[in-house]
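Here the structure is laid out as structure tokens; the discussion comes afterwards.
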Amino acid sequence: MINESDKYWQDFYKKNSYIPTGPSAFSQYVLRDIRERIPNWKGCSLLDVGCGNGRDSTYFAQNELNVTAIDRNIQVQNPIFQFYKASAEKFDFKGFDNIYCRFVFHAMTEQAFDEFLEQLYYSAPTAVIYGETRGTEGVTDQDKSATNFQSSIGEKHFRMLYSRDYLENKIKRMFNIIELKSGRNFAIHGDDNPVCHRIIFSRKQADV
């Protein structure tokens, strides 16, 4: 990930008093899907990749999922779930029923994202992967765009944005897309209401 220094994120959380602590809309959406998809869903495992302050990990754990969370820069204080300060690029994904990636894909360069997808393919053959990421629509309207914007702490903040079609084609090379939705009102934060993609996918069944 590009914005990867401890100091960057420590400053970000320190200087932003409005950082949400409750569950995101995406986590609520994912929990509903898990409950509908898995008959005996209580206690099933979920890995939260890039968990940030642990808001969604906490929500999942409070709702009877067996949660593990990782983040390479943030140290979650007093978590009620298993937490590791670790990089997604080096973590072992084996054994997890669900892998949760909110705002992870757009924090990676395209090369890093492709390597991450390959790692998921080989090390998480039976997991269902949930991703939410920002799209190019209304920003550049291109297939893909490496962007930087001025964050609330005055730094240049990297995001790799994809169009819906480009993201779909990238994922379906190795995975079966279970659901793909794109639009606004997925991740409203203050005055910011970007177009986002929500995608659910798993390794193609014939390859398992």
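Observations, loosely collected:
- Residues satisfying the stated conditions in the stretch 57-79, i.e. within 13 Å of Y130 (Cβ to Cβ) and assigned to a loop (DSSP other than H, G, I, E, B): L65
- Residues of the stretch 69-80 that turn out to be under 14 Å from the mean Cα position of the chain (by Cα) and either of a type in the set (V, I, T) or crowded, with 21+ Cβ neighbours inside 10 Å (or both), as a count: 3
- Among residues of the stretch 44-56 being closer than 21 Å to L117 by Cα and in a loop (DSSP other than H, G, I, E, B), the one that is most open to solvent (accessible area, probe 1.4 Å) is G50.
- L65 vs. criteria over 16 Å from the mean Cα position of the chain (by Cα) and at pLDDT 95 or above: yes
- Just one of the listed residues (N63, N40) is in contact (Cβ under 8 Å) with a residue 12 or more places away in the chain and among the polar types (S, T, N, Q), and it is N63.
- Of all residues in the stretch 44-80, those satisfying the criterion of being aliphatic (A, V, I, L, M) and in contact with a helix residue (DSSP H, G or I) (Cβ under 6 Å, 6 or more places away or on another chain) are L46, V49, V67, A69, I74, I80.
- Members of the stretch 32-43 found to be among the charged types (D, E, K, R) and open to solvent by less than 40 Å² (accessible area, probe 1.4 Å), listed by number: D33
- One residue alone among Y29, Y59 is more than 19 Å from A124 (Cα to Cα) and surrounded by fewer than 19 Cβ atoms within 10 Å (Cβ to Cβ), and that residue is Y29.
- Cross-chain or 6+ apart pairs with Cβ under 9 Å, the stretch 191-208 first and of a type in the set (G, A, S), then modelled with pLDDT under 80: S202/V208
The values are calculated or read from the model by the stated rules, or taken from the named source; none is laboratory data. Remember, it's a predicted structure, so these values are computed and weren't measured experimentally. Positions of Cβ are backbone-derived with ideal geometry, glycine not excepted, and every protein chain shown enters the neighbour counts. These accessible areas exclude ligands, DNA and RNA; they are computed on the full protein's heavy atoms, side chains included. Shrake-Rupley method; radii C 1.70, N 1.55, O 1.52, S 1.80 Å.
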